[in-house]
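Here is the structure we will look at, set down as structure tokens.
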Amino acid sequence: MDGNLTLNLANFSTLFVCMVLKFPQIFVLMRARTSAGVSLNSLLLELVGFLVFMSYQMYYDYPPLTYLEYPILIAQDVIVLLLILHYNRNLKHSLIYAALFVGGWQLLTVQKWVIDLAMSLCTFISAGSKLAQLQCLWRSKDSGQVSTLTWGLATYTCMARIFTTAITTADTQVLIRFVVMTVLNMWVTVTVIYYKPHAIKQD
């Protein structure tokens, strides 16, 4: 009973956190009206990783509670993407991205080997997303428009998913992905904090 309670707590807390995970980043972008420090490549890779991971879980009929947050995260990422494109004056590219993502999503489940191959690459894709954000921060040395809270919450959800995956499916590929994502999310969070601009006190 205690094990089920802990599992349900981990599942539902992850779901609830993910429902607002990107909100801090969305609000920061809207307030700043600039996407400086936020990597477009990172966001695109993250979207690809989310689509692959969700498709894999659905294809193998894994319990919905183990991936239910991904449609929510994808929707929030789309909002962030539109904001970045808007502030970069590239909003017209949104149609191209939409066509590519929808087409790619449909292709994922055409054959079993396709989704298996995509999942085997998913960890590298998602890791590439975090590394792209790190590179952007290292280059700009400014994380003023990057939400620390969003990255901190992302770290928690990955840690929770390590636990829920180990209990429910014990899928090695999925576990490895979440372990890698936890480490990289922590790294990004620390980097964001490090590069946060600090107000200079005046006497």
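Filtering segment 89-104 for residues that are under 21 Å from residue 174 (Cα atoms) and of a type outside the set (Val, Ile, Thr) leaves a non-empty set. Inspect segment 127-143 for any residue being out of contact with any Lys or Arg (no Cβ under 7 Å at 6 or more places or on another chain), without any contact (Cβ under 8 Å) to a residue 24 or more places away in the chain and buried (at least 17 other Cβ atoms within 10 Å of the Cβ) and give the result as yes or no. Within segment 127-143 (the criterion being out of contact with any Lys or Arg (no Cβ under 7 Å at 6 or more places or on another chain), without any contact (Cβ under 8 Å) to a residue 24 or more places away in the chain and buried (at least 17 other Cβ atoms within 10 Å of the Cβ)), the answer is no, since none of the residues qualifies. Examine segment 117-135 for a residue that is among the small types (Gly, Ala, Ser), closer than 27 Å to residue 10 by Cα and in a loop (DSSP other than H, G, I, E, B), and state whether such a residue exists. The answer is no; no qualifying residue exists.
With respect to residue 184, determine if the residue is at pLDDT below 95, buried (at least 16 other Cβ atoms within 10 Å of the Cβ), of a type in the set (A, V, I, L, M) and not in a loop (DSSP other than H, G, I, E, B). Against the criterion (at pLDDT below 95, buried (at least 16 other Cβ atoms within 10 Å of the Cβ), of a type in the set (A, V, I, L, M) and not in a loop (DSSP other than H, G, I, E, B)), residue 184 does not qualify.
Residues checked against (1) under 27 Å from residue 165 (Cα atoms); (2) in contact with a Ser or Thr (Cβ under 7 Å, 6 or more places away or on another chain); (3) among the aliphatic types (A, V, I, L, M):
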site	(1), (2), (3)
29	no, yes, yes
33	no, no, no
37	no, yes, no
43	yes, no, yes
50	yes, no, no
54	yes, no, yes
59	yes, yes, no
68	yes, no, yes
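The values are calculated or read from the model by the stated rules, or taken from the named source; none is laboratory data. Nothing here was measured: the structure is a model prediction, and the numbers come from that model. Please note: Cβ atoms are built from the backbone with ideal geometry, for glycine as well, and neighbour counts cover all protein chains shown.
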